[in-house]
Amino acid sequence: MALIRFAQRPELWNPWSELERIRQGLDKLSLGYPDFKMPFGTNVFPALNIVEEEETVIVKAEIPGVRREDLEISLEGDALTIRGRREVRHEEEKVSFHRREIESGSFSRAVTLPVKINPDTVNARLENGILTVTLEKAAEMKPRRIAIETA
Amino acid sequence: MTEHKLTVHQKQEVQHKGETTKPEKYFIPAVDIYETDKDVTVVAEMPGVAAAGIDVTLEDDVLTIQGCKTEGDPGAGKILLQEYETGNYQRRFTVGEAIDQDKIKATMEDGMLKVVLPKTEPARPRRIEVQTA
């Protein structure tokens, strides 16, 4: 839906321009508060770090407590999807909790990769609660050295 | 019933620790602590820490759990997205119960540290026989 604000009209016609100016000022002010903004991206689980190297793209996710069998990774075009669930199981019966900060639940996250990748050579590894997905770039996206000929 | 969706909780840095000489960060890991008749169990989230990097100490009723990351800093790649910071973990608790120090067990699995602190056996009521000469 396209919204046409009063402020987009020429100023002479618009009695609300002053109010609009104040509103925009308040918007800017609220953005400036550090508490209102997440320091890093979104809060969609899991948190990702993506690094692009010459021939690969490495996607890392912090997923402590997720078992290999509860994790599903798929690649569709250039969208990588990480899906899974975490169940914090306590074998003992009749426990009384002092603190409970670790949540159980499911998660699903998709990221669009910035480059074309070769879908046949995707490698995923889960170690110490960190998932590392190594994606090789498609052949045409890899840097190629061009030889310079001399006359 | 719809399942609970996990969200990312921003890592909080440890406040009380003295500044380190290396530019490393110490974060507060999320924990579950529960008690049974026999022991107190602490479960802590420590992604990126291997079993070798774990240090658990109990000194004067203060339990310190510490985990050092094994991974080095990322290479020379271009960072496209950074949503979490890597670092070490540390957290301290004062344990109220009497703990049998020799039987503390710590295990590490999938980035989750589990420390089992067995309680000392309570003094059993014992009947003292009065001997007659």
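The values are calculated or read from the model by the stated rules, or taken from the named source; none is laboratory data. None of the values given here were measured: they were computed from a predicted structure. FYI the Cβ positions are ideal-geometry reconstructions off the backbone, even for glycines, and counts take in every protein chain you see. Surface areas here come from the heavy atoms of the whole protein model, side chains and all, with no ligands, DNA or RNA. Shrake-Rupley method; radii C 1.70, N 1.55, O 1.52, S 1.80 Å.
Points worth noting:
- Residue-averaged beta-carbon neighbours from other chains (10 angstrom radius) around A:103-115: 3
- Rounded to the nearest 0.05, the FRET efficiency derived from the C-beta distance between A:W16 and B:Q12 at R0 = 35 Å is 0.20.
- Measuring with a 1.4 angstrom probe and ignoring ligands and nucleic acids, B:M112 comes out at about 20 Å² accessible.
- The simple Förster model, with R0 at 51 Å and r as the Cβ-Cβ distance, assigns B:D102 and A:R67 a FRET efficiency of 0.95.
- Partner shielding of A:57-66 amounts to 6, given as the average count of beta-carbon atoms from other chains within 10 Å of each residue beta-carbon.
- Calculated mean residue ellipticity, 222 nm, the protein assembly as shown: -2000 deg cm²/dmol, from DSSP H runs (n ≥ 4) at -39500 (n - 2.57) each, averaged per residue and rounded to 500.
- When A:S17, A:S96 are compared by accessible surface with a 1.4 Å probe, the order from highest to lowest is A:S96, A:S17.
- Rounded to 5, the percent of DSSP beta bridges in the protein assembly as shown classed as antiparallel: 95 percent
- Note on A:135-146: average number of Cβ atoms from other chains within 10 Å of each residue's Cβ is 0.
- In plain terms, the chain from A:A124 to A:E140 could stretch by 3.5 nm, reckoned as 0.36 nm per residue minus the Cα-Cα distance.
- The alpha carbons of the protein assembly as shown occupy a box of 114, 70, 48 Å along the principal axes, longest dimension given first.
- Descending semi-axes in whole angstrom, ellipsoid equivalent of segment B:1-112, from the Cα gyration tensor: 28, 19, 13
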